[in-house]
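The values are calculated or read from the model by the stated rules, or taken from the named source; none is laboratory data. Predicted, not measured: the structure shown is a model, and the values here were computed from it. FYI the Cβ positions are ideal-geometry reconstructions off the backbone, even for glycines, and counts take in every protein chain you see.
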Amino acid sequence: MNQDFQLVSQGENQEILGPFGRLFIGDFPTKGTLCIIVLSILVSYWISGGLLSFLLLSILSIYSAIYFCYNYIEPHFNLRIGVEREKKLSRITKDPDHLAMGDIGRLLHGYGKSVTGQVWDLSGEIHLRELFGNSSKQKDLSIGNWELESKFKTWLKISLTWVAIFVAKYFVLFGTGILIWALDIQSIDLVAWVSANVQYLIFIIILVIILYLENNIEYISNLFIVPDIKKSALLVILVSILDFILVFLVYTWLYDQIIGLPPGEAFFFEASSANDPLILLLLFICLAIAAPLVEELFFRGYFLDKLRNVHSDTFVIISTGILFGFLHWEPIFGFWDFYQTGAATIGGFLYAWLRIKTGSLWPSIACHSIWNGTIFLFTFLI
């Protein structure tokens, strides 16, 4: 006799339920509830007309499935056999016999412990004091002497900083384009080198101004502590290999199958004057040394440590990776082309994990340099 029939036989009515009813016997969530949730997602996908409508329909259907299964369907079949459901949801709601719609958010993200729940409290118990007020205690961080801030204030600073460097990037890019057109410059690579260095100089100025305003200039020197050489070297090698495997063997293939790679997709600009050794050397220094150094200072440095002050490491890895990816989004060259955005996001996840694992910025800079240097090699020399 299987477990379902054993459970049924223990009820007061001794009634053998059909296959459908037996799916809803036991503690929440039952197999039947999970099947209905999956079915609701499939139906949402079938009737939706796009990604946004699919997400909205999925959220609505999942909430509805949980609400009706927990409050009506599961109690119906359990009561038919005289089984009283164990009240395991007391941590979610004061009335575990009835699950309110406001309680479902907390249920979905594991009683408020998951990554999702750390930005917005989905439990129906949003406290403005916790959202906008200062944290009650400071998280123990190895780097950075940060002022206690609310999540809202932290994200406001990071958002404004990200917008500032994104706008600066395209301000310099447009200025370079106008200069090339006005002066009819032939050496595009040399101009691109100058443009990139101006960008990185502006980025550094922005970071210094922010740290000065936060009275935390010494933070930069704290980032460059020397980690365990052997352990860090091994991690750099492993992370670099994983980065190339995930991007070129997995992500690129999936992107090509689902969306399709744009024609002539390249990570850097065209090598129009790549026969000049001096220009090649300058480009290599810019792309394989300056770019990793400056970008890591922001994304695996300032952004990462600011967010670690109010979020878990898992959330920080994901959020900084996404921010890093969208810095590489190039809407003027292809508004819907997110290939480089996705590739950079994968690297951002790995570099953030490496920074947290080693406690130093050097390993993530090394991985970033290996990536950029390899791309430079294949773009300009091979």
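Cβ-Cβ contacts under 7 Å between residues 6 or more apart (or on different chains), taken from a first residue in the range 272-284 that is of a type outside the set (A, V, I, L, M, F, W, C) to a second residue that is at pLDDT 65 or above and not in a loop (DSSP other than H, G, I, E, B), are listed as Ser272/Asp189; Ser273/Asp189; Ser273/Leu190; Ser273/Ile279.
Once the range 156-170 is narrowed to residues that are free of Cβ contacts under 8 Å to residues at least 24 places away in the same chain and of a type outside the set (Gly, Ala, Ser), the residue that is farthest from Ala192 (Cα to Cα) is Leu156.
Criterion first (hydroxyl-bearing (Ser, Thr, Tyr) and modelled with pLDDT of 70 or more) does Thr176 satisfy it? Criteria met by Thr176.
Looking across the range 220-251 at every residue that is aromatic (Phe, Trp, Tyr) and not in a loop (DSSP other than H, G, I, E, B), the one that is modelled with the lowest pLDDT is identified as Phe248. Of all residues in the range 292-313, those that are within 14 Å of Phe224 (Cα to Cα) have Cβ atoms under 6 Å from Cβ atoms of residues that are small (Gly, Ala, Ser) and crowded, with 22+ Cβ neighbours inside 10 Å, 6 or more apart or on another chain, in Glu296/Ser364; Arg300/Ala352; Arg300/Ser364.
I'd like to check something: does the range 288-311 contain any residue that is surrounded by fewer than 18 Cβ atoms within 10 Å (Cβ to Cβ), at pLDDT below 95, of a type in the set (Gly, Ala, Ser) and within 30 Å of Phe152 (Cβ to Cβ)? Within the range 288-311, none of the residues are surrounded by fewer than 18 Cβ atoms within 10 Å (Cβ to Cβ), at pLDDT below 95, of a type in the set (Gly, Ala, Ser) and within 30 Å of Phe152 (Cβ to Cβ).
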